[in-house]
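Report on the following structure.
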Amino acid sequence: MKLIILAITLLLSGCVVYPINKTLQPEAEVLVTDGEGKPIQNAWVYLISSSYPYGFEQSRMMDKTSYRGEASFPKIKEWRAESLMIHGSEVFFWNWCVVKVGFETHTTMWNSGNDFQTQYEVILNPGESTPCPE
């Protein structure tokens, strides 16, 4: 009986810890072109990982586009210990930011991640580039 009471107390207090293999960053590829469909080389592509419940940025990886306008990112997973909490578990979401001098900066910030595309195509328009938002 004491064991049952202890188990119920732990469940109600949020102290139940369980292992989970979280995707911190999905495998993803980007194709960057201009308005005429020509690949843009040497654009900086950022894959920004954030997480709920607080919406904080967790990591920011970057890659430079190739002569074909392509940039790629590896999948990153990590075993973590999570516990049952009132606000739920940590949920990751991702956004893109693409910067190239002479072109307007492209961002998808700040999506909830529900529409994140791992195969993403970006058309950059001529204009003033700005740094990716922090």
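The values are calculated or read from the model by the stated rules, or taken from the named source; none is laboratory data. Predicted model, so just to flag it, every value in this text is computed and none were measured. Ideal geometry is used to build each Cβ from the backbone, glycine not excepted, and the neighbour counts take in all protein chains shown.
Quick one: Thr65 ticks every box in (1) without any contact (Cβ under 8 Å) to a residue 60 or more places away in the chain; (2) β-branched (Val, Ile, Thr); (3) within 17 Å of Thr23 (Cα to Cα) bar one, so which box is it?
Here Thr65 clears every test but (3).
I need the full set of residues from region 38-60 which are polar (S, T, N, Q) and farther than 14 Å from Glu134 by Cα, in order please.
First, pick out the residues of region 38-60 that are polar (S, T, N, Q): 41-42, 49-51, 58-59.
Of everything in region 38-60, those that are polar (S, T, N, Q) and farther than 14 Å from Glu134 by Cα turn out to be Gln41, Asn42, Ser51.
Out of all the residues in region 61-82, is one or more closer than 16 Å to Pro133 by Cα and at pLDDT 90 or above?
Yes; the residues of region 61-82 include at least one that is closer than 16 Å to Pro133 by Cα and at pLDDT 90 or above.
Looking only at strands (runs of 3 or more DSSP E) that fall completely inside region 19-86, which ones have 2 or more residues that are surrounded by 18 or more Cβ atoms within 10 Å (Cβ to Cβ)?
Numbers: elements: 28-33, 44-52, 56-64, 70-73, 76-83.
Filter on region 19-86 gives 28-33, 44-52, 70-73.
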